[in-house]
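Single-structure report; data block below.
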Amino acid sequence: MNKPFSHQRPIQALPDQLISQIAAGEVVERPAAVVKELLENALDAGATQIAIRLENGGVKRIAISDNGCGIPHEQLPLALMRHATSKISSLNDLENVVTLGFRGEALASIASVAHLTLTSRTADAAHAWQITTESAENGATPCSGDTGTTVEVQELYGATPARRKFLKSEQTEFGHCAEVARRIALGRPDVRFTLAHNGKTIEQWNAAEPVVRSAQILGDDFAKARLALDQAAGENGGGLRLHGFVGLPTASRMRADAQYFYVNGRFVRDRLLAHAVRAAYEDVLYGDRYPSYILKLEIDPALVDVNVHPSKIEVRFRDSRAIHQFVLHSVSRTLAQTVAKATDAPVSGTPPASAGTMPWIREQRQTSFGVRQTTADYGALFAGLRHTDTPQTGEMPFFPSAADETDPSSTQEANPLGFALGQLHDIYILAQNAKGLVLVDMHAGHERILYEKLKNALDGNALSIQALLIPVTLSVTEVEAGTAEEYRETLQTLGFDAASLSPGTLAVRTVPALLRNSDIPALVRDILRDLHEYGISALASERRNQMLATLACHSAVRANRTLTVPEMNALLRQMETTERADQCNHGRPTWVQLSMSDLDTLFLRGR
Ligand SMILES: Nc1ncnc2c1ncn2[C@@H]1O[C@H](COP(=O)(O)OP(=O)(O)OP(=O)(O)O)[C@@H](O)[C@H]1O
Ligand SMILES: [Mg+2]
């Protein structure tokens, strides 16, 4: 229908109003974006208390009041002008900007697509002053009001119905606004925020320590399973600092909806940073789970460009490699804290590992933890207990024979996982430590140990290879045989020598020594499947580690295998010295602590 070029009009400069409306399309595409801009202005003004009031998801009305520095009345009309700002005045200022705003565009854009009222009072003024979109030209009029600023935005996109149609339901728009409020409140726990919708108070966050604010906003699951982090690099202020909280794998989620990253106080969604964090979690989180975190990066503003995105949600670092490395290492160092550290010397703000892994204790107390059920449960518990003198069933080659550590009292300190009491249904190890009872998922724990060993061996080129006296043969499909041939070298790097013996048969002559006792045909088939699927990228670190995890899982001691007490103790000792041993490769916990007081609670003792 349209013939764009046949009636081309002459080039002409656009009127200011239209320029603002075009800009508004990018800057304030929905109510949540208005909320973001107004909150940022309030924070830039030094506010310590901010109230957000919304109606109809913010479409009908957004009112944000702050107790910041206010705007002198003669400057009020300027605040609504395009390209008018108090925050920068030179290129040098822009390059070192520390405020959230700097373009002088937000209020002008909002005013071009909604009815805006700006009320403000500075500390030394006798009363407040007000302007509206329509009256701006005539200057401000006196009115009542406290020190600070209130911006009221009504009927967003009311005059541009085509645009308004893009807005979603009231509830959806409110959801986006609330998410913006959460984001900003998480970034500034020192500021009090309230959020009301249609006259009802929805959130109220008083000024608090970061540990409190983040628990309020991200909830119990996160609060119970997180590690505090505060790492610095570089010296004399020219350096970097990363602080905040990283969720343990038990706090991971199905969606990437609890990931908050701030750069110099600004919430950003940055691929480089997200990648660095993801990579740090690689060893503890597999599959489709997303880590939860709140991370704040402080960096010399001259080393980061914040002027690369219309809503400033992306940034560009001058030295992105260095930042990537710093974030990756800071997070993985935090996640690598071993069992011993997590229990005996908690990282600041970290609850004991038991808290996050035993929600059932509270549940049981809330539901009727009746006598009948109790009896039944405990009957099963004792029926499954095996004691020290359980006869040894065959060879148990997984663990080196444990040293004789039969005197628990002398070594309690050095052995946070305690000493084995017995095995429950051949699945769990029960152990006693200074605090009480430790329950260990023996398969998960062993899997983690094997995985770390494999990875360290491959990384350090120190994989020891076991030649098999009698080659193991397995029948393979054509695809598998082809893959084995194509990736022969890759397989050798991993410790496997697998060559075709005859069409349809593969002979395996060597395996990694660590895995010599596993189901070798199954292992080899798994690797071939991965190699076929991922090709050479199978050796890229992420895939490779995934593959190692599969191998470890296959080779770890199976549940339903009876262990002797020395074998159990050997496993506990190895877990203590293995990094990240408190999570298995699938992110599940490998052990839980039931302290004496947890047990007392179960028995309603002392109440
Ligand atoms: N809540 C407030 N308290 C005090 N001053 C404010 C407030 N909101 C706006 N201002 C003043 O109005 C000016 C214009 O605000 P506006 O948001 O349009 O631009 P900006 O914050 O400077 O830049 P940006 O477009 O990047 O947000 C600000 O520079 C500031 O001086
Ligand atoms: Mg602004």
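For residues in region 50-102 being charged (D, E, K, R) and over 30 Å from Glu170 (Cβ atoms), which is farthest from ligand 1 (Cβ to nearest atom)?
Among those residues, the one meeting the criterion is Glu95.
Can you tell me which of (1) among the small types (Gly, Ala, Ser); (2) near ligand 1 (Cβ under 9 Å from one of its atoms); (3) surrounded by 23 or more Cβ atoms within 10 Å (Cβ to Cβ) is the one Ser112 doesn't meet?
Answer for Ser112: the failing condition is (2).
Can you give me the ranges of the helices (runs of 4 or more DSSP H) entirely in region 442-526 with at least 2 residues that are aliphatic (A, V, I, L, M), more than 19 Å from Asn585 (Cα to Cα) and open to solvent by 20 Å² or more (accessible area, probe 1.4 Å)?
Because the criterion is at least 2 residues that are aliphatic (A, V, I, L, M), more than 19 Å from Asn585 (Cα to Cα) and open to solvent by 20 Å² or more (accessible area, probe 1.4 Å), the helices (runs of 4 or more DSSP H) in region 442-526 that meet it are 478-486.
Looking at region 573-590, which of its residues are buried (at least 24 other Cβ atoms within 10 Å of the Cβ) and farther than 14 Å from Leu335 by Cα?
Correct list: Met575, Thr590.
Quick one: which of Ser112, Ser65, Ser86 is within 14 Å of ligand 2 (Cβ to nearest atom) and either under 35 Å from the mean Cα position of the chain (by Cα) or closer than 27 Å to Cys143 by Cα (or both)?
Ser86
Can you name the number of the only condition in (1) surrounded by fewer than 22 Cβ atoms within 10 Å (Cβ to Cβ); (2) in contact with a Lys or Arg (Cβ under 9 Å, 6 or more places away or on another chain) that Asn67 fails?
Of everything listed in (1) surrounded by fewer than 22 Cβ atoms within 10 Å (Cβ to Cβ); (2) in contact with a Lys or Arg (Cβ under 9 Å, 6 or more places away or on another chain), Asn67 misses just condition (2).
Which residue out of Val263, Val284, Val277 is closer than 23 Å to Asn96 by Cα and of a type in the set (Val, Ile, Thr)?
Being closer than 23 Å to Asn96 by Cα and of a type in the set (Val, Ile, Thr) holds for just one of Val263, Val284, Val277, which is Val263.
Among (1) in a helix (DSSP H, G or I); (2) within 13 Å of ligand 2 (Cβ to nearest atom); (3) more than 32 Å from the chain's Cα centre (by Cα), which single condition is Lys36 missing?
Going through the list (1) in a helix (DSSP H, G or I); (2) within 13 Å of ligand 2 (Cβ to nearest atom); (3) more than 32 Å from the chain's Cα centre (by Cα), Lys36 breaks only (3).
Among the residues of region 39-62, write down those that are open to solvent by 10 Å² or more (accessible area, probe 1.4 Å), in contact (Cβ under 8 Å) with a residue 40 or more places away in the chain and within 14 Å of ligand 2 (Cβ to nearest atom).
Scanning region 39-62 gives Glu40, Asn41, Leu43, Asp44, Ala45.
Of these, Leu94, Leu78, which one is surrounded by fewer than 17 Cβ atoms within 10 Å (Cβ to Cβ), away from ligand 2 (no atom under 12 Å from the Cβ), aliphatic (A, V, I, L, M) and in contact (Cβ under 8 Å) with a residue 12 or more places away in the chain?
Numbers: Leu78 fails: in contact (Cβ under 8 Å) with a residue 12 or more places away in the chain.
Step by step, each of Leu94, Leu78 is checked, and only Leu94 is surrounded by fewer than 17 Cβ atoms within 10 Å (Cβ to Cβ), away from ligand 2 (no atom under 12 Å from the Cβ), aliphatic (A, V, I, L, M) and in contact (Cβ under 8 Å) with a residue 12 or more places away in the chain.
Exactly one condition in (1) in a helix (DSSP H, G or I); (2) at pLDDT 95 or above is not met by Pro189; state its number.
Result: Pro189 passes all but (1).
For region 124-146, name all the residues that are of a type in the set (A, V, I, L, M) and either open to solvent by 70 Å² or more (accessible area, probe 1.4 Å) or more than 16 Å from ligand 1 (Cβ to nearest atom) (or both).
Ala126
Name, by its number, the condition in (1) more than 37 Å from the chain's Cα centre (by Cα); (2) more than 8 Å from ligand 1 (Cβ to nearest atom) that does not hold for Ser120.
Failed condition: (2).
For Thr149, only one of the following conditions fails: (1) within 16 Å of ligand 2 (Cβ to nearest atom); (2) open to solvent by 20 Å² or more (accessible area, probe 1.4 Å); (3) under 27 Å from Ala196 (Cβ atoms). What is its number?
That leaves (2) as the condition not met.
The values are calculated or read from the model by the stated rules, or taken from the named source; none is laboratory data. What you are looking at is a predicted structure, and each value in this text was computed from that prediction instead of being measured. No Cβ is skipped: glycine too gets one built from the backbone with ideal geometry, and neighbour counts run over all protein chains shown. Only protein heavy atoms, including side chains, enter the accessible area calculation; ligands, DNA and RNA are left aside. Shrake-Rupley method; radii C 1.70, N 1.55, O 1.52, S 1.80 Å.
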